[in-house]
1. Please list 22-29, 9-16 highest first by mean number of surrounding beta-carbon atoms within 10 Å per residue.
2. Out of the total accessible area of the chain (probe 1.4 Å, heavy atoms of protein only), what percent is carbon and sulfur?
3. Which whole-number percent is the relative contact order of the chain (Cα, under 8 Å, 6+ apart)?
Amino acid sequence: MKKVNLPQKICVVCNKPYAWRKKWEKNWNEVKYCSERCRRNKV
Ligand SMILES: [Zn+2]
């Protein structure tokens, strides 16, 4: 598995791209925010 081939998404709060992280491997499909901070700042 290549580590350069991680999936990416755009954060709905800050509109910045963020890459897959190990902690999201179980719920990547449900992740919408780049960080815990953005998750709390959702409008
Ligand atoms: Zn964000």
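The values are calculated or read from the model by the stated rules, or taken from the named source; none is laboratory data. The shown structure was predicted, so the numbers you read here are calculated from the model rather than taken from an experiment. Counting neighbours? That spans all protein chains shown, and the Cβs are built from the backbone with ideal geometry, glycine included. Note: areas computed on protein heavy atoms with side chains; ligands, DNA, RNA excluded. Shrake-Rupley method; radii C 1.70, N 1.55, O 1.52, S 1.80 Å.
1. Details: 22-29: 9.2, 9-16: 13.6.
Those peptides, ordered most packed to least, come out 9-16, 22-29.
2. Details: 1980 of 4050 Å².
Looking at the chain in its full context, I get 49 percent from C and S.
3. Values: 41 pairs, mean separation 16.0, N = 43.
It comes to 37 percent, rounded to a whole number.
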